[in-house]
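As C-alpha cells, the structure follows; a few thoughts come after it.
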Protein chains: 2
Amino acid sequence: MKSTMMDHPLSTQMIFDRGERLFGASRVVSFDGTTTHTRSFAETARRARQLACALAAIGLPPGEPVATYCWNSPAHLEAYLAVPAMGAVLHTLNVRLPAEQIRYIMNHAADRALIVDAVLLPAIAPILSECPSLGHVVVIGDAPQAIAGFAGMMHAYEDLIARAAPMTAWPTLVETDAAAICYTSGTTGLPKGVVYSHRSVYLHSLASMAADTFAISNRDRILMVPPMFHANAWGMPYSGWLAGSDLILPGPHLQSAHLVHLIAQERPTLMAAVPTILNDLLQAHAGAPLDLGSFRTIVSGGSAVSASLIERVKAAWGVDVVQGWGMTETSPMCVLSFPPRETGPEGETPWRAKAGRPVPGMHVRIVDETDHPLPEDGKAMGHLQLRGPWVTGGYLHEAPEDSRLTADGWLRTGDVGRIDTLGFVEVTDRAKDLIKSGGEWISSADLENGIAALPGVAEAAVFAIPDPRWEERPLAVVVMAAGAELVPAALRAGLRERFARFMIPEYWAPADFIPRTSVGKFDKKTLREQFDAGGMTVVVETGFTLGD
Amino acid sequence: MKSTMMDHPLSTQMIFDRGERLFGASRVVSFDGTTTHTRSFAETARRARQLACALAAIGLPPGEPVATYCWNSPAHLEAYLAVPAMGAVLHTLNVRLPAEQIRYIMNHAADRALIVDAVLLPAIAPILSECPSLGHVVVIGDAPQAIAGFAGMMHAYEDLIARAAPMTAWPTLVETDAAAICYTSGTTGLPKGVVYSHRSVYLHSLASMAADTFAISNRDRILMVPPMFHANAWGMPYSGWLAGSDLILPGPHLQSAHLVHLIAQERPTLMAAVPTILNDLLQAHAGAPLDLGSFRTIVSGGSAVSASLIERVKAAWGVDVVQGWGMTETSPMCVLSFPPRETGPEGETPWRAKAGRPVPGMHVRIVDETDHPLPEDGKAMGHLQLRGPWVTGGYLHEAPEDSRLTADGWLRTGDVGRIDTLGFVEVTDRAKDLIKSGGEWISSADLENGIAALPGVAEAAVFAIPDPRWEERPLAVVVMAAGAELVPAALRAGLRERFARFMIPEYWAPADFIPRTSVGKFDKKTLREQFDAGGMTVVVETGFTLGD
C-alpha cells in the first residue's frame, strides 16, 4: 500500500523561510568587544537574500562550495542562511588551523568563493593564490586589500550586498543535496570533509528543538559561543533561526571578561560551551561574583565534563549543565545527559557527568574488535559506533576502502566507552588514548576526571608511556591550582577509593598548562612529542609496588 | 556535490526501538472506570513484539492493513507499535461511526485482519461477513463469540500473544511506505482514507517534542483523551512513546467524573482534549472544586477554543491552554497558539484564542477562488491551504481528478480564515459554513464564539438560512445556561461592540442541546435538516432594520 503523503523535501530553505516569516522581530546581536549591535531577523533575512543574488551575480555555479573564514558574526550567519538556500554549499573553515592546512582543505573541497573577515584575511591571504578553484574573495569589514592573482575578484561584503536585489525564489532542491561542509580537525592524518545534506541539517535542527535535547524555542536568547566553523556551532545558527530565538554572536571576543560583559548586558537563556569556557567563568566568579542566572541551561561538551564542574556551576549560579557528546561526523548532536526519571538518591549529577543518552534519531552501540555488539550493562567497554539520519557515512572524495563504516552500516567513532542498561553512554577514551597495562585497559579520561577532582588540582592530562614491565603505564601531566604543590603520594592516595590499584599512575609530570588543539581538546600528540623528546620533567612515585 | 550523510530511513521502527531501549521503566496506565493498572514500556514492547509474530503467524501478508476497532487501551497501543513496525499498516476505525460506514471503509481499505474490543464487537459483528478481504478477527477481552463466516478465524488477543515469541528483527522498510490509515469523518460525501507514511509519522512525532509545540518529554505523564481512532490521538501514542512519557489510557471512560478520578490519581502533566471535555470539567469544578494543577499544559482543538474557555481554565487551575488546529489530513498537528514574544498589553489570551502559528515543517497560506495567494495582514479572508512533510497529497484509491491539491501542490482544507503579519492563523469557518449575506461573508465561527461569550449563554451554533432579501442570513441556535432565558434583543445588543450590524443574526432558535458529530463538532448537517423539516422554533427579532 502506498502512502498518500505529499512529497515535501526537508531543506534549509524551510529553515530560512520559517525564521523570516514568523519571527521577523527576533534579534541577531553582534558584539565588538565593548558594545552590542542589533539587527532583526527580518533585516537579516533580507540581507541574506541579497547575498544570495550577489553570489549568483558574480557567477557562482549551483552546487559548488563557498568557503567562510570568519568568527561568529552577523555576516557569517547571513552566509549560513543564504549559501545553502540558493543551492550552493557552505564550507566553514577553521580559523585556528595553520594556513598550510587551510590550503589543503580549500583545494580538496575545490572552493569557488571565499567569504572572510577583514581581520582574518592576513592569515589566509598568502595561500589563496595556491587555490586554483577559487574565483572570488568577499571581505567582511574594511575595504579589501589587493591579493596577488585576485585582481577584479576582490569584493567588499557590504558593497556586494548593497548592489544586489533580494533573491525572492529559491531553486528547487533534492533533500539529499549537499548543504554544508565541515572538515574534521584531523588530529590524526589529513583533515576529512563531512558533507551535510539539506535533510540532515533540517532533521538536526528539528531534533534540537525537542524538550529533552536543547529545547530551543522562540523564548530563547542563545549566546553562541562555539565557533560557527566548528560543527556548525552545534547546529545552533540553524536551530535558533528555525525556532526564532535571539542569536547573540560574540565575534572573536571569547575571553571570560568579554563573555561576562555580554551575559550581563544581554541576559542569554542558553549557551553551549566547552568545559574550558565554564572553568574560565568560574574562575572569574571566584574573583568577583557573576550573575549567570539568566541561563535556563548550559550545554557543555567537546571534552568530558566532570561531575565537579557540573556541581560548581550549579552551586555558583543555580544552572543545570547538560553534557553532550558528538562529533563533526554527527552534525554534532548525538547523546545528551538529561537525568532519567530513575534518578537515584545520589541525585542528578552522576547522570549529568555521563555523556548522555541518544537524542531521537540517533543510535549508539558498543562492539568488540570484530564489530560484534557487546552487552549494554554499564560494565563492558567497547568501540562506540553510530547510526542516524545526520551521521556521515563517509568523507568527501574519499575512496570507498577508506570508509569508516562497518559492513552493517555503522560509523566507527574511534572512541571507546560503555553503555548502561538505561542507554546512557560513557565515553571513556579515544581508542588511541587507551592505556593497555599488563593486558588491562586503563581509561585516560577516567583518570583525568579523577585527578582533576582532587584538592589543589586545576587540570590533568593522562597518556600512555612505555613501561618495561607492564608494556604501557599512565603518565599524568598535572596543572596545580595557584599555591598548591604537586605531591604524587597524596594524589595517589586520593585516587585509591575510585580506582583499582593498577590504574593509578606512578609517573607524574608537573606543568604550567596543558596544550590544546584548535577545538579545545587536550593535545596529547604534542604531549607525547614533548615526552619523547625528553622535554618533560617526570616524577616517579616510589615506595610502593603495583600489587599493593 | 553529494552529501556524505548515511541513508537512514525515518520509520516507526525507530520510535518503537527508542521507547523500548531507553525508557523501559516508563508506564502504560489503563483504567477500568474504577482502578488503574500499570504495565512498563519494557513489558508493553515485549507484548507488541509477540503480537507482531502472532499476526505474521496467522498469515498476514506484508504491507496489508490491519484494522482496529478499540478504545484507548494498552492492547490498542500494542497494535500501534507492532503493526507498522512489522511492515503492515495500522487502520484505526472510528467506533462512533454507524456500522454501515464501517463496512464501506473496511471494504474500501481492504482490511485483512481486525483487532476489536470485546465490548465493541456486537456493534461491528453484523457487517463483518460483508467484508470479503477480512481474514481474521482478534478480540481483546472476553473470549470471542463465533461470528458467521469466521469459523477458525476468531482469536483471543491474549491467547494469540501468549503463544507467540517476540519478533526480534524488523523487516527493512522504505520510509515512504504506508504505516497507518485514518479515514476522514466524512461530514460531506463518503469517508476518505488518509495514508500516513513511516516518514510522516516519525517527523510528526519528532516535531511534537519541540519546546514550542507539545514539548512532549520523558518527564511527561500524558492523559490520552483524544480517541486513538481519531487522527492517531493527535499523534501522542507515537510521540509519547518516542519521548518515554507515561501514557495514561482512559478506555471508554471519558465522562468528567471518570476523568476527574483519573486525574486525581495519576497526576498527568499533559492532556489534549476537545473544548467540550474542558467545558465538562469546568462544570464539574463549579460543583465541587477539582485540582487540575498537575497539568503543565492542556492542548485543545477539534473545534474553536474560545478566549473565555481559555481564561476560565487559567482562572480555575492556573493551567495554560494551547490551542491547535489540524486535520486528519495533517497527522494532525498543524498550527498551535503559543503567544509570540510580541504579546501586547492585552496579554496572552488573544493569541491563545487564535488557531496558532505553523509548527516547524508546516506551511499555511490563504488564497482566493483562483488559488492566488492573498495578503497575510490579519484582514484578508481566504481559503486555507497547506503544505508539509506530514500533509496528505491525496486519498486512498482516489482518482487523480478527485485530488484536493492545487496545481502548485498545496492541499485545499475546505476551511476559510485569515493569517496575520506574525503568521498566526485564524480559522473563521468551514467554507461551506460561511454565510454569504448581501455579497458579504459572515463567519459562523466568529458569531458562535461571540454569542457563547455573552452572559447566560452556554453554547451556540450558527448556520445560513435562506433570506428573501439578503440571499442568506445567519440563524443562531442557542443553548442557555440553567436559569437563563433567551432574549434575542439582549443578545443582539451584546454583539454590537464586536460585530458589524449586518453580521448580527435576527433569527434565533432556543435549544436544549446542540447535536455533535462523532468527533465532537457541531453537527450542522443535522441542524440544517431540522430547520428544513420545520422542526425548529425560530424567533425573529424585529423592531430594527439591518442598516441601523
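We did not get these values from a lab; they are worked out from the coordinates using the rules stated. Since this is a predicted model, take the numbers as computed values, not measurements. So basically every Cβ, Gly included, is an ideal-geometry build from the backbone, and we count neighbours across all protein chains shown.
Before moving on, here are some points about what is shown:
- Between B:ALA490 and A:ALA118, the modelled labels are 7.3 nm apart [label points 7 Å from Cα along Cα→Cβ].
- DSSP-defined beta bridges in the range A:434-540 - what % are antiparallel, rounded to 5: 80
- Simple spin-label estimate for B:ALA307 and A:ASN107 in nanometres, 7 Å along Cα-Cβ: 6.8
- Cα shape, the range A:434-540, gyration tensor, a/c 1.5 rule: rounded
- Averaged over peptide B:383-395, the number of partner chain Cβ atoms lying within 10 Å of each residue's Cβ comes to 3.
- Efficiency of FRET between B:LYS432 and B:ALA156 - r from beta-carbon atoms, R0 41 angstrom, step 0.05: 0.35
- Estimated at 0.36 nm per residue, the fully extended path between A:THR526 and A:ALA482 surpasses their Cα-Cα distance by 13.4 nm.
- Candidate cross-link partners of A:LYS379 among the lysines, defined by an alpha-carbon separation under 18 Å and a same-chain spacing of 8 or more, comprise A:LYS354, A:LYS436.
- Two-site label geometry, A:VAL174 and B:ARG296: point separation in nm, points 7 Å out along Cα→Cβ: 4.1
- Label point 7 Å beyond Cα along the C-beta direction, distances from A:THR406 to other copies (nm, shortest first): 4.9
- Calculated FRET value between B:TRP441 and A:THR38, using beta carbons and R₀ = 45 Å, to 0.05: 0.65
- Charged neighbours of B:PRO515, selected by a Cβ distance under 14 Å, balance to +2 (K, R count +1; D, E count -1).
- Neighbourhood charge, 14 Å Cβ-Cβ cut-off, centred on B:PRO84 and excluding it, Lys, Arg +1 and Asp, Glu -1: -3
- Pseudo-label separations to other copies for B:GLN530 - Cα-to-Cβ vector, 7 Å, nm: 8.6
- Least to most buried among B:GLU78, B:GLU485, A:GLU158 (fewest other Cβ within 10 Å first): B:GLU485, A:GLU158, B:GLU78
- Pairwise FRET efficiency - A:ARG267 versus A:GLN145, Cβ, R0 = 35 Å, nearest 0.05: 0.35
- Pairs of Cα atoms nearer than 8 Å and 6+ residues apart set the relative contact order; for chain A it is 10 percent.
- For the protein assembly as shown, share of DSSP beta bridges that run antiparallel, in % to the nearest 5: 55
- Neighbouring Cβ atoms from other chains, within 10 Å of the Cβ of residues in A:232-244, number 1 on average.
- Partner lysines for B:LYS2 [C-alpha distance under 23 Å; skip if fewer than 8 residues away on the same chain]: A:LYS192
- Distances between equivalent label points of A:ALA146 across the copies, with each point positioned 7 Å along Cα→Cβ, amount to 10.2 nm, shortest listed first.
- Between the C-alpha center of the range A:316-367 and that of the range A:469-501 there is a gap of 28 Å.
- Among residues other than A:ASP415 with Cβ under 13 Å from its Cβ, the summed charge is +3 (Lys and Arg +1, Asp and Glu -1).
- When the Cα positions of A:SER205, B:GLY423, B:VAL457 are compared along the charge dipole of the protein assembly as shown, B:VAL457 comes out farthest toward the positive end, with charges on each C-beta of Lys, Arg, Asp and Glu.
- Each peptide among B:416-422, B:84-90, B:449-455, A:167-173 gets the average number of other Cβ atoms lying within 10 Å of its residues, and from highest to lowest they stand as B:84-90, B:416-422, B:449-455, A:167-173.
- Spatially proximal aspartates and glutamates relative to B:LYS314 (Cα-Cα < 16 Å; intrachain offsets below 8 disregarded): B:ASP280, B:ASP291, B:GLU346, B:GLU348
- Residues A:SER294, A:SER245, B:SER306, sorted so that the one with the fewest Cβ neighbours within 10 Å comes first: A:SER294, B:SER306, A:SER245
- Rounded to the nearest 500, the helix-only mean residue ellipticity at 222 nm of chain B stands at -8000 deg cm²/dmol, with each DSSP H run of n ≥ 4 adding -39,500 (n - 2.57).
- When peptides A:471-482, A:521-532 are sorted by average Cβ neighbour count within 10 Å, with the highest value leading, the order is A:471-482, A:521-532.
- Beta bridges per DSSP with both ends in chain A, % antiparallel, nearest 5: 55
- Shape category assigned to the range B:135-196 from the gyration tensor of Cα positions, a/c cut at 1.5: oblate
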